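Worksheet: the structure to be examined is printed underneath.
The values are calculated or read from the model by the stated rules, or taken from the named source; none is laboratory data. Here the structure is a predicted model, which is why all the values come from computation and not from measurement. Cβ atoms come from the backbone with ideal geometry, glycine included; neighbour counts cover every protein chain shown.
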Amino acid sequence: MRNIKFIEMKIIKYFIIIISLTIVSCKNKTSEKEGKSKMEVEENNNKEKTENIFVVKTIIFSKDSLPITADIYEVDGKKPTILLCHQAGFSRGEYKDTALELMNLGFSSIAIDQRSGNEANGVLNETAQKAKEKGLPTNYLDAKQDIEAAINYMYEMNGNKQIILVGSSYSASLALLIGKDSEKVKSIVAFSPGEYFKGISIREEIKNLTKPTFVTSSKKEAEKLTEMMSLTNPVFTEQFIPKAEGIHGSRALWETTAGNQEYWDVFKIFLQKKGIN
């Protein structure tokens with residue numbers, strides 16, 4: 001009897017082990033299946049996120065036929081309505097990350113190389129390079145025609161819809177000069193504009209500005225900027241002075257700039273209220 005009981009207990013023990021292994025195996029298969037499904041969902045989500053973004057390099061011809069290199073950033077099939085112009089010594093690369101963030105906000109844009117510049121974020125200014133090869137002047141004011149040509153290109157591209165003109169440093173001053181009179185420009189954003197042009201007073205030139213205009217700078221530049229904007233109507237212009245030290249130009253929006261979020265917060269509000277979306 002003892003032997004029979006021992007054998008029975010042994011059989012029951014093995015049976016329990018087999019059942020346990022079967023349950024574990026089923027759980028593993030279920031986990032694998034769930035893991036695979038989760039991966040498929042993540043892949044599909046990522047696919048959806050990237051399918052609505054379109055970035056391409058193109059060429060626009062300036063008024064003197066100089067080829068202007070530009071990057072087009074399109075989101076959700078929307079044609080670009082924001083023109084991004086870089087600061088001195090830079091290129092369209094100044095807006096590599098900014099343009100992506102604007103796409104997250106639902107804005108398509110074009111970033112251009114003006115003939116006055118060099119390189120930014122590893123992106124060479126090809127327009128400046130071509131201008132030098134052709135022996136063309138590359139001073140700040142020489143780049144005015146490049147911005148004007150890009151405005152015309154974007155305006156035609158988006159079905160004659162007014163645009164938002166964004167400038168940085170010297171191009172911010174050009175944006176104010178061009179934007180105030182252009183029927184193709186709805187609003188202006190100027191990062192660190194100043195009196196950069198010999199024989200031209202930006203303060204006097206923009207005193208009759210009647211378009212929604214957002215200006216900002218580093219904290220140390222703010223006083224001079226306030227003076228430059230002093231003749232404009234505050235109904236149309238808005239100046240943001242950062243709490244942090246900030247930085248010159250649109251680099252204020254770069255992730256590496258301390259206090260960049262406060263710039264982004266007010267910039268977003270301006271785009272939502274005065275921009276095009």
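Just to check your reading of the model, which residue among V189, V166 is within 21 Å of G117 (Cβ to Cβ), touching a Phe, Trp or Tyr at 6+ places or on another chain (Cβ under 6 Å) and either modelled with pLDDT under 95 or part of a strand (DSSP E or B) (or both)? Lay out the reasoning, then the answer.
Values: V166 fails: touching a Phe, Trp or Tyr at 6+ places or on another chain (Cβ under 6 Å).
Step by step, each of V189, V166 is checked, and only V189 is within 21 Å of G117 (Cβ to Cβ), touching a Phe, Trp or Tyr at 6+ places or on another chain (Cβ under 6 Å) and either modelled with pLDDT under 95 or part of a strand (DSSP E or B) (or both).
Restricting to the range 197-226, what's the tally of residues that are outside any helix (DSSP H, G or I), surrounded by 16 or more Cβ atoms within 10 Å (Cβ to Cβ) and free of Cβ contacts under 8 Å to residues at least 60 places away in the same chain?
10
Looking only at the range 38-61, decide whether some residue is modelled with pLDDT of 95 or more and closer than 22 Å to G179 by Cβ.
So far as the range 38-61 goes, yes, one or more of its residues are modelled with pLDDT of 95 or more and closer than 22 Å to G179 by Cβ.
Quick one: what pairs do we get from the range 98-117, first residue among the polar types (S, T, N, Q), second in a helix (DSSP H, G or I), C-beta under 6 Å, 6+ apart or different chains?
Between residues of the range 98-117 that are among the polar types (S, T, N, Q) and residues that are in a helix (DSSP H, G or I), the close pairs are T98/L253; S109/A99; S109/L102; Q114/A143; Q114/D146; S116/Y140; S116/A143.
Just for the range 82-97: of the residues that are surrounded by fewer than 24 Cβ atoms within 10 Å (Cβ to Cβ) and in contact (Cβ under 8 Å) with a residue 60 or more places away in the chain, which one is nearest to N139 (Cα to Cα)? It would help to see each step written out before you state the result.
Narrowing the range 82-97 to residues surrounded by fewer than 24 Cβ atoms within 10 Å (Cβ to Cβ): 87-89, 93, 96-97.
From what is left, the residues that are in contact (Cβ under 8 Å) with a residue 60 or more places away in the chain are 87-88, 97.
Working: Q87: 12, A88: 10, D97: 27 Å.
Here the answer is A88.
Restricting attention to the range 227-277, which residues are farther than 23 Å from Y170 by Cβ, polar (S, T, N, Q) and part of a helix (DSSP H, G or I)?
Within the range 227-277, Q261, Q272 qualify.
For the structure I just gave you, tell me whether A222 is farther than 27 Å from K184 by Cβ and either aliphatic (A, V, I, L, M) or touching a Pro at 6+ places or on another chain (Cβ under 6 Å) (or both).
It is true that A222 is farther than 27 Å from K184 by Cβ and either aliphatic (A, V, I, L, M) or touching a Pro at 6+ places or on another chain (Cβ under 6 Å) (or both).
List pairs: first residue in the range 68-80 and in a loop (DSSP other than H, G, I, E, B), second residue of a type in the set (D, E, K, R) anywhere in the structure, Cβ distance under 9 angstrom, at least six positions apart or on different chains.
Close Cβ pairs satisfying both conditions: K79/K161; P80/E74.
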